[in-house]
Amino acid sequence: MSFPPSRDSKRGFALVLLFATLNAAPALAYVGPGAGLTAIGTMIAVIAVVILALVGFVWYPLKRLLRKKPASEEGQESQ
């Protein structure tokens, strides 16, 4: 039987997480220009794909729905 976490355990976890974050040592790692440019290019590509997916799945169907007119309205406009 498990009980929901108490307020004290949540506060303790947050305190440990804060201490671990503030006590982090520098990585002392080197990212070369090729790896850096690849990472930047990948992030730009991911952002572009998300934007194009939203446009393709949301904008174009909405545009098509708004452009279509019922047959009764088309007949009245031509008279």
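Quick note: the coordinates plus some simple rules give every number you see, no bench work behind them. Quick caveat, the model's predicted, so the values are computed rather than measured. FYI the Cβ positions are ideal-geometry reconstructions off the backbone, even for glycines, and counts take in every protein chain you see.
Stretch ARG67-LEU28 to full length: gain in nm at 0.36 nm per residue minus the Cα-Cα span? Numbers along the way, then the final one.
Values: separation 39, 0.36 × 39 = 14.04 nm, distance 5.75 nm.
Additional length available on full extension: 8.3 nm.
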Estimated vicinal HN-Hα couplings, Hz - the stretch 30-39 in sequence order (Karplus 6.51, -1.76, 1.60; Gly, Pro = x): 10, 10, x, x, x, 5, x, 5, 5, 5
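Can you work out the FRET efficiency for the pair THR38 and ASP8, with r the C-beta to C-beta distance and R0 = 30 Å, to the nearest 0.05? Show your work: numbers first, answer last.
Numbers: r = 46 Å, r/R0 = 1.52.
Given R0 = 30 Å and the Cβ-Cβ separation, E is 0.05.
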